[in-house]
1. If each of residue 188 and residue 49 carries a label point 7 Å out from its Cα toward its Cβ, how far apart are those two points in nm?
2. Could you order peptides 38-46, 90-98 by the average number of other Cβ atoms within 10 Å of their residues, highest first?
3. When the chain is fully extended, how far beyond the present Cα-Cα distance does residue 76 get from residue 136, taking 0.36 nm per residue of separation?
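Every number in this text was worked out from the coordinates using simple rules, so none of it is lab data. As the structure is a prediction and not an experimental result, all values here were calculated from the model. Cβ coordinates were reconstructed from backbone atoms using ideal geometry, including for glycine residues, and neighbour counts include every protein chain displayed.
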Amino acid sequence: MLCAGKMGQSRDSDPSVQPNLTALISNIIHLLLGVYGWEYLVSLHVEWALVCGQLAFRPSLIPYLLGRTCTLIYLILHAVGRGPYSKSFSCISSTFALALTANIAVGCSSTNFMIRTWVIWRDSRLVHALLLFLALGHWTMLAIDVVNIRAINVGHVCDLYLNHPQMDAITLIYTMGIDCLVLVLLVVGLSSQRSKSPLKKCLRVQGILYCAVAGVSYISTVVVVLLHNPAVFDLISDLAVVVITIVSSRAVISLRSLAACGDSEYV
């Protein structure tokens, strides 16, 4: 769904603007790596607490840990692919690794959001069955999207293309749809409970914020995919992966902070 664009020039690019465009994309990727690298380091206390035994491991932490790590790997691979040593890597393997890590990061961000709705509706098997069905469908579409991506060597250039850009757009739209549905279930679940707490308000605000940010990121990417603009897709998809992961991870961390203050009903 969201993956790096080309690891080099595009055969359809205008030769007169290609050097400047390549330099611009490379600079933005390195900037994103720096921003996310700093974000990763300042929020590393969760992983450190797990290693030191200060925080008990829960299965619900898996998408948080996996998503953060895959986003970091994705940006590092993409930055290296834009560097002077990119030709020493296999074109096909590099493209597959980029697509895989990006899609795992996106899937984990949606799963982080879905887990809290699962807990809120812990007494409803019907809602649990619905969430499980949506999650399986989402991860299946992400896997198919990775398979649909191809890369070929054209001279010294690794050129990436999508076999089915419509499928890519459908996957993005499906992701937006399930995020909105999960938000509705979250709000309804919270509204049906009489007790009030800061955590409930935080859950509601975070859900709306996540859907707003993710929606803007996905809609922008859908438009670029349908316009068949690989250069802009490269930039938008990189930015979307970073922003969605940061918002999702920050939401998990803030809930952990509330739990530390004693409000741990849904954490």
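1. Reported label-point gap for residue 188 and residue 49 is 3.3 nm.
2. Output ranking for 38-46, 90-98: 90-98, 38-46.
3. Between residue 76 and residue 136, full extension yields 18.8 nm more.
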